[in-house]
Amino acid sequence: MRRKEREITDENIIKSIMQEASVCRIALCKDNKPYIVPMSFGFRDNYIYLHSAQEGKKIDILKDNNDICFEVDIKDQLVKGEKPCNWTMKYYSVIGFGKSSFVEDINEKIDAMNIIMEKYSGRSDFEFPQAALNKIAIIKIELDQITGKKSQ
C-alpha cells in the first residue's frame, strides 16, 4: 500500500468493516475483460459466502477462472474543498483476493445461507426448503490476501 498511514492492519477492525458493509463487489476476469458484480454476502473464518442463481455471466466466468478480487466499504462521505483538487472522500474499505469454489454439499449450503442471513437479520436459525437450495449456487471464496484502508 502506497500510503502506509492509511493502512488498517488490525484484524478486528477489518472484521468489523466486513460485518458492517452491506454490499460486496466481486471482480472477475475472462479473456482479459474485467467484470464487477455487487452482491450480498456473508463472512466468517477467512471465507466469503455468496448466493446466486446457478446460471449467468458470473457463474460462467467463475467456472473458467476462479480467481476473485473483492471490495467492501463503509462510512463514505464526500469532503468538499475550496479548489477542485482539494475535494476528497472519507471511508473505510477492505480489499482482498481469493479462490472461489461452488458449494455442492447440502449441509454446507445451509450453513452458508445461515451465515449470509445472520449478517443481515441477526439470526442464523433459518430453515430452507430443499427445492430452494437445489436452485441456488453458493460461491465460497477462500481468502488468501485481505487489506484494509481508511481515509479520515
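The values are calculated or read from the model by the stated rules, or taken from the named source; none is laboratory data. Just so you know, these numbers come straight off a predicted model, no measurement behind them. Glycine also receives a Cβ, built like all others from the backbone with ideal geometry; neighbour counts cover every protein chain displayed.
Taking the stretch 78-131, which residues are in contact with a helix residue (DSSP H, G or I) (Cβ under 8 Å, 6 or more places away or on another chain), within 19 Å of Q19 (Cα to Cα) and either at pLDDT 95 or above or surrounded by 14 or more Cβ atoms within 10 Å (Cβ to Cβ) (or both)?
Y92, S93, V94, M113, K119, S124 - these are the residues of the stretch 78-131 that are in contact with a helix residue (DSSP H, G or I) (Cβ under 8 Å, 6 or more places away or on another chain), within 19 Å of Q19 (Cα to Cα) and either at pLDDT 95 or above or surrounded by 14 or more Cβ atoms within 10 Å (Cβ to Cβ) (or both).
Taking the stretch 126-148 on its own, how many of its residues are in contact (Cβ under 8 Å) with a residue 40 or more places away in the chain and among the polar types (S, T, N, Q)?
Total meeting the criteria: 2.
Residues to consider are K135, K75; find the one that is surrounded by fewer than 17 Cβ atoms within 10 Å (Cβ to Cβ), farther than 20 Å from I36 by Cβ and touching a Phe, Trp or Tyr at 6+ places or on another chain (Cβ under 9 Å).
Working: K135 fails: touching a Phe, Trp or Tyr at 6+ places or on another chain (Cβ under 9 Å).
Going through K135, K75 in turn, the sole match is K75.
So which residues in the stretch 124-147 are farther than 19 Å from G42 by Cβ and of a type in the set (A, V, I, L, M, F, W, C), if there are any at all?
Passing the criteria: only A131.
Could you tell me whether any residue of the stretch 26-34 is at pLDDT 95 or above, closer than 17 Å to K109 by Cα, of a type in the set (G, A, S) and not in a loop (DSSP other than H, G, I, E, B)?
Among the residues of the stretch 26-34, not one is at pLDDT 95 or above, closer than 17 Å to K109 by Cα, of a type in the set (G, A, S) and not in a loop (DSSP other than H, G, I, E, B), which makes the answer no.
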